[in-house]
Structure formats: C-alpha cells, structure tokens
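*Asks:* Got a structure for you, questions after.
The values are calculated or read from the model by the stated rules, or taken from the named source; none is laboratory data. Source: prediction; values computed, not measured. In this analysis, Cβ positions are derived from the backbone assuming ideal geometry, glycine residues included, and neighbour counts consider all displayed protein chains.
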Amino acid sequence: MGAMVYVNGEIRDAASATIPVFDHGFLYGEGIYETLRTYNRQPFLFGRHMRRLRHSAELMALPVPYSDEDMLARVQETMAAHADRGEAYIRILLTRGVGELTYNPAACPIPTLVIIVKPFPGFPEKAFREGIRLSLVSVRRNHPQALNPMIKSNNLLNNALAMQEAIPRGGDEALMQNQAGELVECSQSNFFLVKGGAALTAPLSAGLLPGITREFVMELAREIGVPCREARLVPADLDTADEAFITGTTREVTPVVAIDDRKIGSGTPGVITGKLLAAFRSKVETVRA
Ligand SMILES: Cc1ncc(COP(=O)(O)O)c(C=O)c1O
C-alpha cells in the first residue's frame with residue numbers, strides 16, 4: 001500500500017503530491033526531518049521528536065511556525081486520510097521553502113511542511129532473533145564544523161555514500177568513524193557495544209545524531225540496572241567487545257553479530273542486548289490507542 005502525503009495543507013496520494021522545483025529543500029537539500037513510527041497507532045515519543053526538530057531548525061536558522069499540537073493534528077489528519085489502519089511510518093519534513101536561486105534565507109519567507117505516512121509492518125523478526133551485520137565503511141561522518149550531524153538534515157548524501165559502500169559488502173548498516181577515527185554511529189542508527197557488562201556508546205561531542213531511541217534506551221538501561229554510559233570508541237574495541245547493537249526508531253534495539261567478516265563476541269545476539277530489547281518492547285506495549 002502506498003503513502004499519503006501532506007504538503008502545506010493539502011493531503012494527496014504519493015503519486016500526485018508535488019513540491020515546486022524552486023523549493024530550497026530540493027535545490028540545496030536545505031531542510032530537516034524526523035522519522036517516527038506508531039505503536040498502537042500513537043506516534044511514539046512525539047514530544048521528543050518535536051524537541052529535536054526544533055533544535056535542528058535552530059542550528060540552521062529555520063523558523064518552525066507550528067506548535068507541537070498543530071504538528072500532531074496534521075500528522076493525525078494525514079494518518080486518518082490513509083486507508084491502512086495498521087501501524088504507520090511517519091516522516092515529517094520542513095524545508096526552507098520556495099524562493100529565488102540564492103542562499104539568502106530571506107528569499108524563502110515560508111517553510112514547506114511535508115508529512116509522509118505509510119504503513120509500517122516493522123522490521124523482520126529475523127533481524128532481532130539472529131542479529132545483523134554492519135560494514136565499517138571508509139566514508140567518514142560529517143565533521144561537526146562542516147555539517148553538524150546534530151542537524152537531522154534532509155541533506156543525506158554523507159549517509160547515502162556510506163550505505164553505497166556497505167551494501168555491496170553485505171552490510172545491513174554502515175558503521176562510521178569521525179575524522180579522528182573514532183566510531184560514532186551508523187548511517188541510519190546509533191551504535192552501542194557491550195564490554196564487561198556495560199553498554200557503551202560514543203558521546204555526542206564525537207559528532208553524531210542524538211538519537212531519540214539512543215536516549216530512550218540509555219534511560220531504560222538505568223531503569224533495569226544495566227550499566228550504560230558514553231565512551232570514546234575506536235575500531236580496535238570491536239575485537240574485544242562481547243556484544244554490539246544499534247538503536248533507531250524503526251530498528252528498535254537490533255543485535256549486531258558481525259562487522260564485515262569479524263564476529264562480535266560469540267557471533268550471536270548478546271544477553272545484555274536481549275535484555276534491552278525486551279525492556280524496550282515491554283515499554284512500547286504500555287502505549288495504548
Ligand atoms: C544518522 C542517524 N543516526 C541515528 C539515527 C537514529 O535516531 P532515532 O533513534 O531518533 O531514530 C538516525 C535515524 O534516522 C540517523 O539517521
């Protein structure tokens with residue numbers, strides 16, 4: 001089943017939704033986005049996604065002329081226009097808007113708001129049961145002083161180039177380093193490894209997207225008594241890690257069992273990863289329609 005798309009107040013099906021060519025989101029990749037999913041038809045952690053959207057917007061001086069309530073109402077309207085009544089994938093995009101061919105933001109007084117809603121069947125359970133493989137790619141994550149990864153930007157060329165390297169190598173995701181060679185995150189998810197019973201993930205200062213699921217899982221870990229902290233991670237840590245996993249809105253907590261041809265730990269999903277996934281799943285169960 002296809003998508004329903006909201007564009008500046010109108011909802012159409014995917015084939016007939018359009019954006020003007022002079023939209024700076026199209027011309028320059030000048031825009032931001034959020035990906036959400038529903039549990040029991042409720043957009044999960046909506047408030048946190050809106051907080052991050054506003055922060056992304058601030059970092060590129062983009063006005064967000066919508067309250068959280070306005071935005072939620074538009075998301076719900078788009079969901080209601082979709083014939084599917086199962087769980088939904090929701091992508092909210094806000095671009096600089098339409099204007100002349102110039103980088104001057106004053107040329108675009110009205111940002112363009114797009115909301116894409118499509119069915120979300122969930123990732124195949126096999127990935128959670130058996131784990132996935134990452135590729136450690138040569139494409140480095142954008143330097144924060146060049147294009148800050150804190151901005152969840154529509155300009156995803158850095159991420160796409162990383163996946164172009166991972167896919168032919170059989171990687172389900174691309175694991176990326178920063179300019180200093182530290183492991184930071186994946187192309188569409190955050191990365192954790194487990195050592196000596198503690199879950200470790202790179203600090204935000206290393207240059208990565210502050211994942212909503214990353215933050216949520218760190219809180220959950222504290223709740224269930226799993227030590228979890230930020231730490232500087234380098235590729236050599238992959239050889240001594242007991243477990244690894246990725247987090248993301250659509251990936252939840254997905255075990256990682258190999259990096260290219262190197263096994264992580266025993267090469268099977270780890271116990272701590274399993275505990276965090278179970279805790280995550282029981283938390284989302286409490287979201288009621
Ligand atoms: C580069 C990057 N890192 C991490 C994530 C995970 O973030 P979240 O948990 O908010 O979905 C994403 C999600 O799209 C991403 O694009």
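*Asks:* If we scan segment 247-266, do we find a residue that is assigned to a helix (DSSP H, G or I) and not β-branched (V, I, T)? Let's see the steps before the verdict.
*Replies:* Step one: of segment 247-266, the residues assigned to a helix (DSSP H, G or I) are none.
Checking segment 247-266: not a single residue is assigned to a helix (DSSP H, G or I) and not β-branched (V, I, T).
*Asks:* Test of understanding: among F22, F46, which residue is away from the ligand (no atom under 14 Å from the Cβ), farther than 16 Å from M150 by Cβ and not β-branched (V, I, T)?
*Replies:* Exactly one residue qualifies, and that residue is F22.
*Asks:* Consider E215 carefully, then state whether it is modelled with pLDDT under 95 and not polar (S, T, N, Q). Show your work before the answer.
*Replies:* Values: modelled with pLDDT under 95: no; not polar (S, T, N, Q): yes.
No.
*Asks:* Then there is this: Select from segment 207-256 the residues that are more than 8 Å from the ligand (Cβ to nearest atom) and hydroxyl-bearing (S, T, Y) and list them in ascending order.
*Replies:* T240, T254
Residue-by-condition table, conditions (1) part of a loop (DSSP other than H, G, I, E, B); (2) more than 13 Å from the chain's Cα centre (by Cα):
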| position | (1), (2) |
| --- | --- |
| A160 | no, yes |
| M176 | no, yes |
| G181 | yes, yes |
| L209 | yes, no |
| E215 | no, no |
| R222 | no, yes |
| P235 | yes, yes |
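*Asks:* Of T35, T112, T102, T95, which residue is more than 19 Å from the chain's Cα centre (by Cα), surrounded by 14 or more Cβ atoms within 10 Å (Cβ to Cβ), β-branched (V, I, T) and modelled with pLDDT of 95 or more?
*Replies:* Going through T35, T112, T102, T95 in turn, the sole match is T112.
*Asks:* Also, I was wondering about something else. Condition (residue is part of a strand (DSSP E or B) and aliphatic (A, V, I, L, M)) applied to segment 45-55: is it met by at least one residue?
*Replies:* No, segment 45-55 contains no residue that is part of a strand (DSSP E or B) and aliphatic (A, V, I, L, M).
Residue-by-condition table, conditions (1) at positive phi; (2) out of contact with any Cys (no Cβ under 9 Å at 6 or more places or on another chain):
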{"position": "A88", "(1), (2)": "no, yes"}
{"position": "P105", "(1), (2)": "no, yes"}
{"position": "P144", "(1), (2)": "no, yes"}
{"position": "L147", "(1), (2)": "no, yes"}
{"position": "G170", "(1), (2)": "yes, yes"}
{"position": "E173", "(1), (2)": "no, no"}
{"position": "M176", "(1), (2)": "no, no"}
{"position": "L183", "(1), (2)": "no, yes"}
{"position": "G196", "(1), (2)": "yes, yes"}
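*Asks:* What are the residues in segment 175-190 that are crowded, with 22+ Cβ neighbours inside 10 Å and either β-branched (V, I, T) or within 10 Å of the ligand (Cβ to nearest atom) (or both), if any?
*Replies:* Listed by number, the residues that qualify are M176, V184, E185, C186, S187, S189, N190.
*Asks:* Identify the single condition in (1) in a strand (DSSP E or B); (2) exposed (fewer than 15 other Cβ atoms within 10 Å of the Cβ) that L193 does not satisfy, given that it satisfies every other one.
*Replies:* Failed condition: (2).
*Asks:* Across segment 56-78, what is the total count of residues that are in a helix (DSSP H, G or I) and under 20 Å from the mean Cα position of the chain (by Cα)?
*Replies:* 8
*Asks:* While we're looking at this one, here's another question. Can you find, within segment 134-174, the residue that is farthest from the ligand (Cβ to nearest atom) among those that are of a type in the set (D, E, K, R) and more than 24 Å from Y89 (Cα to Cα)?
*Replies:* R169
*Asks:* To continue, here is another question. Within segment 52-61, track down each residue that is of a type in the set (A, V, I, L, M, F, W, C), closer than 14 Å to I92 by Cβ and in contact with an Asp or Glu (Cβ under 8 Å, 6 or more places away or on another chain). Show your work before the answer.
*Replies:* Here is the first cut: in segment 52-61, the residues of a type in the set (A, V, I, L, M, F, W, C) are 53, 57, 59-61.
Those still in the list that are closer than 14 Å to I92 by Cβ too: 53, 57.
Within segment 52-61, just L53 meets the criteria.
*Asks:* Take segment 25-43 and flag every residue that is out of contact with any Lys or Arg (no Cβ under 7 Å at 6 or more places or on another chain), within 16 Å of the ligand (Cβ to nearest atom) and either under 16 Å from I115 (Cα atoms) or part of a loop (DSSP other than H, G, I, E, B) (or both). Outline the logic, then answer.
*Replies:* Of segment 25-43, the ones out of contact with any Lys or Arg (no Cβ under 7 Å at 6 or more places or on another chain) are 26-29, 36-39, 41-43.
Cutting the leftovers down to within 16 Å of the ligand (Cβ to nearest atom) gives us 29, 36-39, 43.
Once the filter is applied, which keeps residues that are out of contact with any Lys or Arg (no Cβ under 7 Å at 6 or more places or on another chain), within 16 Å of the ligand (Cβ to nearest atom) and either under 16 Å from I115 (Cα atoms) or part of a loop (DSSP other than H, G, I, E, B) (or both), segment 25-43 yields G29, L36, R37, T38, P43.
*Asks:* Okay, next question. Just to be sure before I move on: is Q188 part of a loop (DSSP other than H, G, I, E, B) and within 15 Å of F245 (Cβ to Cβ) in the structure I sent? Reasoning before the result, please.
*Replies:* Details: part of a loop (DSSP other than H, G, I, E, B): yes; within 15 Å of F245 (Cβ to Cβ): yes.
When the stated conditions are applied, Q188 passes them.
*Asks:* If the Cβ limit is 6 Å and pairs must be 6+ apart or interchain, which residue in segment 200-218 that is closer than 24 Å to K283 by Cα pairs with which residue that is within 6 Å of the ligand (Cβ to nearest atom) and not in a helix (DSSP H, G or I)?
*Replies:* Note: pairs meeting the criteria are G211/N190; G211/T247; T213/T247; T213/G248; T213/T249; R214/N190; R214/T247; V217/T247.
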